[in-house]
Amino acid sequence: MTDSTDRDPYDLFAEWMKEAEQSEPNDPNAMALATADANGIPSVRMVLLKGIDPRGFVFYTNTESRKGTQLLANRNAALCFHWKSLRRQVRVEGPVEVVTDAEADAYFESRPRESRIGAWASLQSRPLEGRWELEKRVAQFAAKYAIGTVPRPPHWTGFRVLPSRIEFWRDRPFRLHDRLVFLRAEGTDGTQTGWTTEHLYP
Ligand SMILES: Cc1cc2nc3c(=O)[nH]c(=O)nc-3n(C[C@H](O)[C@H](O)[C@H](O)COP(=O)(O)O)c2cc1C
């Protein structure tokens, strides 16, 4: 990795993800998502990476959930992948945007029917009286959408983290780990001009 400074971070990420897909027992695309509320108080939970392109990293969720309301109030996030089998970590930080309706629709339609019903039934992050209440809501929405397609709920969409910083961390003996950081470079007119890199002490 020490000779990776002239590389595109997305290429390097794709390479590491490919290796993780071969070695992780499950969910190599799982990542910790850190958000903060309007007062800057942080919270973190796992989500699944469902899309990546040169703009950023996409995951899907309920916009009325705790993370959803936090992201709509404070549009900054951090992600952390940890592949134990590889002893590697990738950290991503930056502002977030909501994906387009077309993008969210396309992904929603690719999900199993039961998951689409579940997206309607779950009042994600709000108090639940008991499991029966959730099962009742699943049955209600399954009946409502028994015929035809299940539309995407208005409160269910994707967020894209637009990285301003991506750090690749690789285990090395005696805790002398490799850390390579890619920072979004901006021209004097504020437009993004690519990436600069730096190595960090472990
Ligand atoms: C491996 C793993 C992957 C998960 N993926 C997602 C996901 O992609 N989207 C999501 O909304 N919740 C996902 N969850 C559940 C979240 O961790 C969390 O419990 C839920 O989204 C509510 O979080 P919140 O109350 O902070 O909004 C996942 C949990 C695990 C353990």
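Taking only protein heavy atoms into account and a 1.4 Å probe, give the accessible area per residue of the chain in Å². Mind dumping the intermediate values first?
Numbers: 11500 Å² over 202 residues.
Spelled out: the 1.4 Å probe surface of the chain, per residue, equals 57 Å².
With n ≥ 4 as the cut-off for DSSP H runs, can you work out [θ] at 222 nm for the chain, using -39500 (n - 2.57) per run divided by the number of residues, rounded to the nearest 500? Write out the running numbers ahead of the final one.
On the way: 5 runs with 56 residues, N = 202.
Result for the chain, helices only: -8500 deg cm²/dmol.
Could I get the Rg over Rh figure for the chain? Both from C-alpha atoms, Rh via Kirkwood, rounded to two places.
1.02
Counting Lys and Arg as +1 and Asp and Glu as -1, each charge on the Cβ, what is the dipole of the stretch 1-146 about the Cα centre in debye, to the nearest 20?
Here the size comes out at about 660 debye.
What area, in nm² and to one decimal, does the C-alpha convex hull of the stretch 1-56 cast on average over all directions?
Numbers: hull surface 22.8 nm².
With the hull built on Cα positions only, its mean projection is 5.7 nm².
Quick one: with all protein chains in place, what share of the accessible area of the chain is carbon or sulfur, to the nearest percent (1.4 Å probe)?
Roughly 52 percent, rounded to a whole number.
The values are calculated or read from the model by the stated rules, or taken from the named source; none is laboratory data. Here the structure is a predicted model, which means the values were calculated and not measured. In this analysis, Cβ positions are derived from the backbone assuming ideal geometry, glycine residues included, and neighbour counts consider all displayed protein chains. These area figures cover heavy atoms from the full protein model, side chains too; ligands, DNA and RNA do not enter into them. Shrake-Rupley method; radii C 1.70, N 1.55, O 1.52, S 1.80 Å.
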